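J.: Got a structure for you, written out below as structure tokens; questions coming shortly.
The values are calculated or read from the model by the stated rules, or taken from the named source; none is laboratory data. Remember, predicted model here, so these are calculated numbers, not experimental data. Cβ: placed from backbone, ideal geometry, glycine included. Neighbour counts: every protein chain shown. Note: areas computed on protein heavy atoms with side chains; ligands, DNA, RNA excluded. Shrake-Rupley method; radii C 1.70, N 1.55, O 1.52, S 1.80 Å.
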Amino acid sequence: MAKLISFDIDGTLETGDPPGIITMARVREAQALGYIIGSCSDRTVATQQRMWQAQGINVDFTVLKHRLDSVKAAFSAEAYFHIGDTHADQYYAEQAGFTYFFPAESVAGLWRFGNMGHIGHQLQNP
């Protein structure tokens, strides 16, 4: 069964305002590993969709931050992760039953050694 990663944008992704430390290459890596990916942000859904289109990345979902629970309801996954830079991100992630990472923690944890980190051995074959 696939795993799912939801990305906040501002302060999290390199395309955010302010830019975050998660690169589009990292997002593509997760997608190539078979993750269900998308964004959950304060930005409008249309703005999120335009950002992904500009990057040439086809995502599985774009929702407003307070609707992260709808992502879990829409996708059956083995594990659910949300990466964001604020305590509001953490709050909504935890309320929806997602494992939460601040961006720096996700790079150290999910992507450490280029294999998706501390759970990487499980994530090699999503």
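J.: Any chance the range 73-95 includes a residue that's closer than 18 Å to V107 by Cα, open to solvent by 80 Å² or more (accessible area, probe 1.4 Å) and among the aliphatic types (A, V, I, L, M)?
T.: Within the range 73-95 (the criterion being closer than 18 Å to V107 by Cα, open to solvent by 80 Å² or more (accessible area, probe 1.4 Å) and among the aliphatic types (A, V, I, L, M)), the answer is no, since none of the residues qualifies.
J.: Among the numbered conditions (1) within 15 Å of D89 (Cβ to Cβ); (2) open to solvent by 60 Å² or more (accessible area, probe 1.4 Å); (3) out of contact with any strand residue (DSSP E or B) (no Cβ under 9 Å at 6 or more places or on another chain), tell me where D42 comes up short.
T.: Among (1) within 15 Å of D89 (Cβ to Cβ); (2) open to solvent by 60 Å² or more (accessible area, probe 1.4 Å); (3) out of contact with any strand residue (DSSP E or B) (no Cβ under 9 Å at 6 or more places or on another chain), D42 violates only (3).
J.: Inside the range 73-109, can you point out the residues that are of a type outside the set (S, T, Y), in contact (Cβ under 8 Å) with a residue 40 or more places away in the chain and over 13 Å from I9 (Cα atoms)?
T.: Matches in the range 73-109: F75, A77, E78, A79, F81, A93, F98, A104, V107.
J.: Looking at the structure I just gave you, is R28 more than 22 Å from A96 (Cβ to Cβ), touching a residue at least 12 places away in the same chain (Cβ under 8 Å), open to solvent by 50 Å² or more (accessible area, probe 1.4 Å) and not aliphatic (A, V, I, L, M)?
T.: Considered against the rule, which asks whether it is more than 22 Å from A96 (Cβ to Cβ), touching a residue at least 12 places away in the same chain (Cβ under 8 Å), open to solvent by 50 Å² or more (accessible area, probe 1.4 Å) and not aliphatic (A, V, I, L, M), R28 comes out as yes.
J.: Here are D8, D69: which of them is within 15 Å of S106 (Cβ to Cβ) and touching a residue at least 24 places away in the same chain (Cβ under 8 Å)?
T.: Working: D69 fails: within 15 Å of S106 (Cβ to Cβ).
The unique qualifying residue is D8.
J.: Answer with yes or no whether G114 is surrounded by fewer than 20 Cβ atoms within 10 Å (Cβ to Cβ) and modelled with pLDDT under 85.
T.: yes
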